[in-house]
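Working notes, beginning with the structure itself.
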Amino acid sequence: MNARTRRRLGNRMRHRSRSVAVSIGLWVAALPLAYLAVEAVLELVGAPALWQRPLDVVGTITGAEAVRYAVAGAAILAAVILLVLAFAPGRLSRHELADERMLVIVDDEVLAGALSRAAATAAAVPRDRVSTSVGSRSAEVTVRPTSGFDIDRDEVAAAAQRELERLAPTPPMRQTVRIETAGVIGR
Amino acid sequence: MVGASPAGRVVLSSRAIERTLGALAAEELGSPAHRSGVRLHDDAGRLAVTVTATAAIRPGRTVLDAAESAQRRVLADGPVLTGAQITTARIRVTGVHDVKASRRVR
């Protein structure tokens, strides 16, 4: 697997596929056209129209003022939704990890768990006193200390940083460590 | 409750801290250690301690004196023995007893 293929595959798994939006958009565009085609054929062979003759259909949906605005509004709304879907990055909450032989994609929860574990060990608190939230390019680690025992914030931050460097997620992220003021009485 | 060591983790249980601080206070109050009650609270990441114990009557020493020296002892020796940072120590004396009398009962 060369670097390019690898990057493409990684991007595919880290971004939402647009195929659903595309297929819905195509169906919405195709159905009215198919209907108009059927009406056109019926008109040609002189058979009675299913609903209205083709040109009358256009007249109906652009005729009365209320109908016209409703149709235009729906078209604008659909256009905006499709444009957003087309241009928004559609990033999924996942990261790619550095690995020589394989393409490794992990959900952000997994990264958060790894950072929490590293921080908990460095802070010497039980694992359930650390919570981590991971965004696309940043991770925030929050540690609840045991009452009476200070936690060295820098030490915890260094441990989190080491873990990040070890995993080397793509896109890269920065970590911040927060030590809560209120502590908990240990068990 | 802690020490970051290379492998594993050293944890001092809150029970151990309670017994240690209770013993310190009881020693100053002159009452048996096992009869002291200790409660730990959080004080912005530090420890606040409440010790409930009886005090022994001794000639020339008021109950208040005993309680104050118990408080000083917990604040001074508590952190040394447990490694915990203690901000406040409350001593509640719930009763007094005569040292000689209690010895005779045993």
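Quantify how strongly other chains surround peptide B:78-89 by giving the mean number of their Cβ atoms within 10 Å of each of its Cβ atoms.
Working: counts 1, 1, 0, 0, 2, 2, 6, 5, 2, 2, 0, 0.
Per residue, the number of nearby Cβ atoms from other chains is 2 on average.
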Quiz item: Based on the Cα gyration tensor of the stretch A:17-87, what are the three equivalent ellipsoid semi-axes, each the root of five times an eigenvalue, rounded to whole Å and given largest first?
Solution: 28, 18, 6
Self-check item: the protein assembly as shown: antiparallel DSSP beta bridges as a percent of all, rounded to 5
Solution: 55 percent
Quiz item: Tell me, what ³J(HN,Hα) does each residue in the stretch A:47-60 have, in order and in whole Hz, if you take phi through Karplus 6.51 cos²θ - 1.76 cosθ + 1.60 with θ = phi - 60° and put x for Gly and Pro?
Solution: 7, x, 5, 5, 10, 8, 5, x, 5, 5, 4, 4, x, 5
Practice problem: Pick out which of A:Ala157, A:Ala79, A:Ala119 has the largest mean-square fluctuation in a Gaussian network model of chain A, springs linking Cα atoms closer than 10 Å. | Solution: A:Ala79
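Counting each DSSP H run of 4 or more residues in chain A as -39500 (n - 2.57), what helix-only mean residue ellipticity at 222 nm follows after dividing by all residues, to the nearest 500 deg cm²/dmol? Working shown, then result.
Details: 6 runs with 102 residues, N = 187.
Computed ellipticity for chain A at 222 nm equals -18500 deg cm²/dmol.
Averaging the inverse of every distinct alpha carbon separation and then flipping it gives the Kirkwood radius. What is it for the stretch A:135-187, in angstrom units?
Working: mean 1/r = 0.0823 Å⁻¹.
Taking the inverse mean of 1/r over all distinct Cα pairs, the stretch A:135-187 comes out at 12.1 Å.
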Quiz item: Percent antiparallel among DSSP beta bridges with both residues in chain B, to the nearest 5?
Solution: 45 percent
Quiz prompt | Surface/4 estimate of mean projected area, convex hull on alpha-carbon atoms of the protein assembly as shown, nm² | solution = 30.2 nm²
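Please go through the stretch A:53-146 and write out the trypsin sites (Lys or Arg not before Pro) that DSSP classes as loop and that have at most 11 other C-beta atoms within 10 Å.
Numbers: sites: A:Arg68, A:Arg91, A:Arg94, A:Arg101, A:Arg117, A:Arg127, A:Arg129, A:Arg137; in loops: A:Arg101, A:Arg137.
Within the stretch A:53-146, the qualifying trypsin sites (Lys or Arg not before Pro) (loop, at most 11 other Cβ atoms within 10 Å) are A:Arg101, A:Arg137.
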Self-check item: Highest-MSF residue in chain B out of B:Ala66, B:Ala23, B:Ala76 [GNM, Cα springs under 10 Å]
Solution: B:Ala76
Quiz prompt | Degrees separating the helix B:14-29 axis from the principal Cα axis of chain B, which is the longest one | solution = 30 degrees
Quiz prompt | Residue order, fewest to most beta carbons within 10 Å, for B:His34, B:His41 | solution = B:His34, B:His41
Exercise. Between beta-carbons, use under 15 Å as the cut-off and find the net charge around A:Ala40, counting Lys and Arg +1, Asp and Glu -1.
Key: -2
Quiz item: In peptide B:42-51, how many Cβ atoms from other protein chains are near each Cβ within 10 Å, on average?
Solution: 5
Quiz item: Helix B:63-82 versus the longest principal axis of chain B: what angle, 0 to 90°, nearest 10, using Cα atoms?
Solution: 20 degrees
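Using the count of nearby Cβ atoms within 10 Å as a rough guide to exposure, how do B:Thr52, A:Thr132, B:Thr20 rank from fewest to most?
Working: B:Thr52 16, A:Thr132 24, B:Thr20 19.
Listing B:Thr52, A:Thr132, B:Thr20 from fewest to most nearby Cβ atoms yields B:Thr52, B:Thr20, A:Thr132.
Values in this text are rule-based calculations from the coordinates and carry no lab data. Predicted model only: the values in this text are computed from it and were never measured. Cβ atoms come from the backbone with ideal geometry, glycine included; neighbour counts cover every protein chain shown.
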